[in-house]
Amino acid sequence: MIKIESLNRTFQTGDTQFHVLKDITLSVEAGECVVLQGVSGSGKTTLLSIMAGLDRPSSGKVIVDGEAIAKLPDMHISAFRAKKIGMIFQHFNLMEHLSAAENVMIPLIPMGLTLDEVQKMTAKALALANISHKAAQSTARLSGGEKQRVAIARALVADPAVILCDEPTANLDRANSLKFIEIMAQLHALGKTIVIATHDPLFEGLDFAHRIVPMEDGCLVSHD
Ligand SMILES: Nc1ncnc2c1ncn2[C@@H]1O[C@H](COP(=O)(O)OP(=O)(O)OP(=O)(O)O)[C@@H](O)[C@H]1O
Ligand SMILES: [Mg+2]
């Protein structure tokens, strides 16, 4: 589902070049759940951004669901991301002045669906993320755990094959982190391909996580 080959990402700041991702090769099979682990600055967010087509590699190949996304024009990448990728972030990235349901609908807006379809898909995603009971509530008045569940629903609403999570539990307490993990287990059971970047020890030893891939200073330390 995700195939990365000899990927490098460098950033140029003035005269200095930062080599942030170094010759990364990684395959994630359809339906697999992979945990990317590494200290702050090891390159996890940069790698996830490239998988999502939000950032581009300096060299190397990135193939997601058969599409070589590194060279796709921006317009096509946005359409590709909307259909194929759901993203979940550390800071939830919700529109606080909108209700939970309105936030979940946002990815559907460019798709030209009927109102009925939008409402059905939104209701389904809210139910999957276990947050239907707060659908009408303003996001600003939700707890952290509830906000993250709205963000999960938003990531799921277009039924993407791939879910990418960047430090999803960094702002959650233990109880809400465990709820988050429970929902990930359900998504895994539904056949989603999941990549989670985290340093949360709760993600070690999950029975549905096929692999922990350690990252260190822009390199993958070992993987299959
Ligand atoms: N636009 C940029 N320009 C220059 N350097 C960058 C840029 N973006 C990221 N970096 C550098 O790349 C390295 C990896 O950053 P990244 O955010 O991918 O790490 P991370 O593993 O996600 O860290 P954290 O756990 O703190 O989120 C860092 O040293 C960072 O300073
Ligand atoms: Mg990060």
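The values are calculated or read from the model by the stated rules, or taken from the named source; none is laboratory data. This structure is a prediction, so every number in the text was calculated from the model and none was measured. Note that each Cβ is placed from the backbone with ideal geometry, even for glycine, and that neighbours are counted across all protein chains shown. Accessible surface areas use protein heavy atoms only, side chains included; no ligands, DNA or RNA. Shrake-Rupley method; radii C 1.70, N 1.55, O 1.52, S 1.80 Å.
What order, most packed first, do the peptides 59-65, 76-82 have when packing is the mean number of other Cβ atoms within 10 Å of each residue?
59-65, 76-82
If each residue of separation counts as 0.36 nm, what is the full-extension length gain between Lys22 and Glu5 once their alpha-carbon separation is subtracted?
Gain in length upon complete extension: 5.0 nm.
Output the direction-averaged projected area (hull surface divided by four) of the convex hull of the alpha-carbon atoms of the range 2-220, in nm².
About 12.3 nm², averaged over all directions.
Restricting to the chain, compute how many DSSP beta bridges are antiparallel as a %, nearest 5.
50
Say we join alpha carbon atoms closer than 10 Å with springs in a Gaussian network model of the chain; which of Ala52, Ala68, Ala161 then has the biggest fluctuation?
Top of the fluctuation ranking is Ala68.
Through the Karplus equation 6.51 cos²θ - 1.76 cosθ + 1.60, θ set to phi - 60°, convert the phi angles of the range 86-92 into ³J(HN,Hα) values in whole Hz; use x for Gly and Pro.
Whole-Hz 3J(HN,Hα) from phi for the range 86-92: x, 10, 10, 10, 4, 9, 6.
Between Gln17, Gln90, Gln37, which gets the highest mean-square fluctuation from a Gaussian network model of the chain, Cα cutoff 10 Å?
Gln17
Could you compute the net charge surrounding His19? Neighbours are other residues with a C-beta less than 14 Å from the C-beta of His19; K and R count +1, D and E count -1.
Surrounding charge for His19 is -1.
Using a 10 Å cut-off on Cβ atoms, rank the peptides 212-218, 134-140 from the highest mean neighbour count down.
Peptide ranking by packing, descending: 212-218, 134-140.
Taking the Cβ of Ile181 as the centre, find all other residues whose Cβ is under 15 Å away and add up their charges (Lys, Arg: +1; Asp, Glu: -1).
Spelling it out: positives minus negatives among the neighbours equals -2.
Taking amide hydrogens as modeled 1.01 Å from N in the peptide plane, which residues meet the under 5 Å criterion relative to Ile88, leaving out close sequence neighbours?
Leu164, Cys165, Asp166
Expressed as cubic angstrom per residue, what is the convex hull volume of the alpha carbon set of the range 93-224?
129
Too long at a 27 Å Cα-Cα cut-off: which of Lys3/Lys179; Lys44/Lys147; Lys44/Lys179; Lys83/Lys120; Lys71/Lys120?
Violating the 27 Å limit, Cα to Cα: Lys3/Lys179; Lys71/Lys120.
For Ala30 and Ile109, calculate 0.36 nm times their separation in residues minus their Cα-Cα distance, and state this gained length in nm to one decimal.
The span from Ala30 to Ile109 would gain 25.7 nm if fully extended.
Rounded to the nearest 500, what is the 222 nm mean residue ellipticity of the chain from helices alone, with -39500 (n - 2.57) per DSSP H run of 4+ residues and division by all residues?
-9500 deg cm²/dmol
Which order, highest average first, do 182-188, 125-131 follow once you tally other Cβ atoms within 10 Å for each residue and take the mean per peptide?
125-131, 182-188
So, with a 1.4 angstrom probe, what is the percent of accessible area on the range 93-146 that is carbon and sulfur?
Carbon plus sulfur share of accessible area: 60 percent.
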